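J.: Quick one: the structure is below, and I'll ask about it shortly.
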Amino acid sequence: MPRKVTKSLVRDIKPDRLYNSVMVQRLINRVMLNGKKQLAERLVYGGMQKAADKLKVQNPLEVFDQAMRNIQPHMETRSRRVGGANYQIPFEVKGQRQNHLTMMWFVAAARGRKGMSMEDRLALELHDAYNNAGSAVKKKEDTHKMADANRAFAHFARY
């Protein structure tokens, strides 16, 4: 008897109102707390505009896209038990997981900044990520270093 086909777990997210971008909408959803979407939209749009003004760029979407590209991980390590020992095995990150990690690290880095409004935190983190600096980019670099350090165990990924 054939196996049951499962439906896709990836939700279809509609683009945001201002920039017509799915990635911006994902960021809004990630920033949102307790269902307060309009507040999250105001924070994200304000942060993007402030970052663009600070960088003297006309389009805030360009700043956002470049910042997200600078945060996106390409490699990560996963723990695997082989012969009684746990190894950190490097794997390539693709598709939806890449976007998910990018958003998680960005929002965590923005929330980690203290002493200012969330809009200013998002703006500063966007500015830093655009310039390849900041906590989110450091997290990506640490992840890549970990994967590079464990390259010797890459052959375990094939089993």
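We did not get these values from a lab; they are worked out from the coordinates using the rules stated. On a predicted model such as this, the values are computed, not experimentally measured, just so you know. Using ideal geometry, Cβ is built from the backbone for each residue, glycine included, and neighbour counts are taken over all protein chains shown.
J.: Looking at region 13-51, which trypsin sites (Lys or Arg not before Pro) are in a loop (DSSP not H, G, I, E or B) and have at most 14 other Cβ atoms within 10 Å?
T.: Those that pass, being in a loop and sparsely packed, are Arg17, Lys36.
J.: So if I place +1 on the C-beta of Lys and Arg and -1 on the C-beta of Asp and Glu, and nothing else carries charge, what would the dipole magnitude of region 86-155 be about its Cα centre? I want it in debye, nearest 20.
T.: I would put it at about 160 debye.
J.: To test your reading of the geometry: what angle, between 0 and 90 degrees and rounded to tens, separates the Cα axis of helix 135-149 from the longest principal axis of the chain?
T.: The answer is roughly 20 degrees.
J.: Here's a follow-up. If Lys and Arg each add +1 and Asp and Glu each add -1, what is the summed charge of the other residues whose beta carbon sits under 13 Å from the beta carbon of Gln98?
T.: Summing Lys/Arg as +1 and Asp/Glu as -1 gives +3.
J.: Most mobile of Ala52, Ala149, Ala67 per a Gaussian network model of the chain (Cα springs, under 10 Å)?
T.: Comparing Ala52, Ala149, Ala67 in a Gaussian network model of the chain, the most mobile one is Ala149.
J.: Here's something else I'd like to know. Angle between the Cα long axis of helix 118-130 and the longest principal axis of the chain, 0 to 90 degrees, nearest 10?
T.: For helix 118-130, the angle is close to 60 degrees.
J.: With angles folded into 0 to 90 degrees, how steeply does helix 37-55 sit against the dominant principal axis of the chain? Use alpha carbons for both and round to 10.
T.: 80 degrees
J.: Now, a different point. Under a crude label model (7 Å from the Cα following the beta-carbon direction), how far is Ile13 from Val82 in nanometres?
T.: 3.5 nm
J.: Among Lys36/Lys114; Lys4/Lys139; Lys14/Lys50; Lys37/Lys145; Lys37/Lys140, which pairs are too far apart, with a Cα-Cα distance over 32 Å?
T.: From Lys36/Lys114; Lys4/Lys139; Lys14/Lys50; Lys37/Lys145; Lys37/Lys140, over 32 Å: Lys4/Lys139; Lys37/Lys145.
J.: I've got another one for you. Please give me the summed charge of the neighbours of Glu76: other residues whose Cβ is under 12 Å from its Cβ, Lys and Arg +1, Asp and Glu -1.
T.: +3
J.: Under 14 Å from the Cβ of Ala136, count the other residues' Cβ atoms, weight Lys and Arg +1, Asp and Glu -1, and hand me the total.
T.: Net charge around Ala136: +4.
J.: Once Lys and Arg get +1 and Asp and Glu get -1 on their Cβ, which of Asn59, Val5, His74 lies farthest toward the positive end of the dipole of region 1-78?
T.: Farthest towards the positive pole: Val5.
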